[in-house]
1. Please give the net charge around residue 137, taking every other residue with its beta carbon less than 10 angstrom from that of residue 137, where Lys and Arg add +1 and Asp and Glu add -1.
2. Using a 10 Å cut-off around each Cβ, can you sort 271, 83, 149 from fewest to most neighbouring Cβ atoms?
3. Provide the net charge surrounding residue 303, with neighbours chosen by a C-beta distance below 12 Å and charges set as Lys +1, Arg +1, Asp -1, Glu -1.
4. Neighbouring Cβ atoms within 10 Å as the yardstick, rank 334, 116 fewest first.
5. Neighbouring Cβ atoms within 10 Å as the yardstick, rank 411, 136 fewest first.
6. Which entries in the list 288/321; 279/307; 307/366 go over 31 Å, if you measure between the two C-alpha atoms of each?
Amino acid sequence: MKASKAQSIISLITCFFLILAVTICKENKFRNILPDNENETEKQSGNTGILRQADDGIQIVSTRQITKDVNGYGGNVPLEIYMKDNRIIKVVALENSETPSYFAKVRNSGLLRQWDNLSPEEALNKEVDGISGATESSAAIIQSVQKAMEYAKEHSLEETNSSFSFDWLLFLGLLAGIAVCTLIITYFSKQPKPQTMRYVLNFFNLALVIVVTALSIQPKNNQVINKEEPIMTQDNKPSVLESIHARTSIRSYLPKEVEEEKVEQLLRAAMAAPTATNKQPWAFIVIKEKEILSELGTTLPYAKMAKEAPLAIVVCGDLSKAISGAGSDYWVQDASAATENLLLAAQGLELGAVWTGVYPIKERVKEVQKILHLPEHIIPLNVVPIGYPAENPLPKDKWKPENVHYERWTEGK
Ligand SMILES: Cc1cc2nc3c(=O)[nH]c(=O)nc-3n(C[C@H](O)[C@H](O)[C@H](O)COP(=O)(O)O)c2cc1C
C-alpha cells in the first residue's frame, strides 16, 4: 500500500474516532456522575445513585440514600431535587408510604417550591416553616432538602461564576488524538515536497483543532431557570388540584415583562370560565403602560402593587351582554369565575397575581372607568396586577371542616 493511501485511511479512521469521542462526551455518556459508594447504588428511572445527570445538563439529587434516618408521618420522604447551574429548579416529593390523599396536602401546599431558584448555600440558610396539619412530613421534607443541599455543596455540582465553561478533559483528550493523527500523517509523508494530499490533511487537522476547541467551550446559561418552560410536576403536568392549592396572592413582582403568549394564555383561561346562559358578559382591559398602572396603583387604596407590576388585567362586566331581568346581576359571578381562572392560569404559568377589588364600591368603579375611559355599561369588577413573583409566600391553609354541612344544616358545628 502506498504511503499516501495509508495516510488517508489512518487519518479517516482517526477522525472517525475523534468525532465519536466528541459525540459521546457531548451526550454526557461518560460524564454521568456516579455514586460515591458503589454499594449505595439503586435503580431509579434507569439511573443510579444519589446524583445523576440528565441529558439537558440538569442534575438530580436523589435523597433516598442520604435521608434514611429522616422520617415523616408515614416513614421516609424521598425527594428528587432538580438542579441546573448550581441552582434548584424544583423539588419533587416521590411516592412514599404515606396515604397519597394526605401527602397531597404537603405536595400541594407550595412547600416544595420554597427552594426554587436557590443555590445550595442559600437553601441551607433559608428558614422554611412546616405545614400546619402535616407537620411531621413537612419537617422531614425540610430536613431532607437540607441534607441534600449539604451533599450538593460538598460535591460542588457546577461552577457558576463564568459565562463559559471549559471542558479541559475533553479538550486535552481530543487534542492528544489530533496530535497522534498529525504524527501519523507526518510519518507517512515521506515525500520531500509537500503534496496536495498533505495540504488537505493538514488543513483538515487544523479544522479539527478549531472544532474541538469550540466544542470544549460550552456557553453557560446564566439565567438560573428557563422561565419560558413552566416547572412541571413529576408526571410533567401540574394537576388542576396542584395549581388550585399552590395559588396564593402575589403582591410583589420582578421587573420583567410578561410575554405576549402568556398574556394570551391568561385571557384564554379567563374566557373559558362558565357563565349564566353562556352570555359571556365580560371585557378585559390589558394594561402594560407604566403611567396607567401607576395611576391605578395610586387611586385604588389597596392596589398599590399595580405601580410595580409589569402588567394588569382589569376584568369588567359588560352590561350590554348581561342577562336582562331577574338574572341581570349574574355578570358578577361570571366575571368572578373568569378572574379565578385567570389567577389559576397565572399560577400555572409561573406568574404571580392578586385580585384587587373595584366593584361594588361605587367610587372605585367611577375612578377606574375614568382612568381607562370605559363607557358606562362596562363595569370594572377588579384590577389584577400580574408579574413574575418577587416573593414566595406559602398558600394559606383554609380547610375548615366545620364549614361543611352534610345533607342538612347542623347547628353549632
Ligand atoms: C373580591 C376580592 C377583593 C379583593 N381585594 C383585594 C385588594 O383590594 N387588595 C389586595 O391586596 N388583595 C385583595 N384581595 C385578595 C385577598 O386579600 C386574598 O385573596 C385573601 O387574603 C386570601 O389570600 P390568598 O389569595 O393568598 O389565598 C381580594 C380578593 C377578593 C376575592
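1. Numbers: positive: 105, 107; negative: 98, 136.
Once positives and negatives cancel, what remains is 0.
2. Details: 271 14, 83 27, 149 24.
With the sparsest Cβ surroundings first, the list reads 271, 149, 83.
3. Working: positive: 251, 304, 307, 364; negative: 295, 308, 367.
Overall, the nearby charge balance is +1.
4. On the way: 334 27, 116 19.
Least to most surrounded, the residues fall as 116, 334.
5. Numbers: 411 6, 136 16.
The fewest-first ordering by Cβ neighbours comes to 411, 136.
6. Values: 288/321 26 Å; 279/307 33 Å; 307/366 19 Å.
Cα-Cα > 31 Å for 279/307; rest within.
Values quoted throughout were computed directly from the atomic coordinates according to the rules given, and no laboratory measurement underlies them. If you're wondering where the values come from, they're calculated on a predicted model, not measured in any experiment. Please note: Cβ atoms are built from the backbone with ideal geometry, for glycine as well, and neighbour counts cover all protein chains shown.
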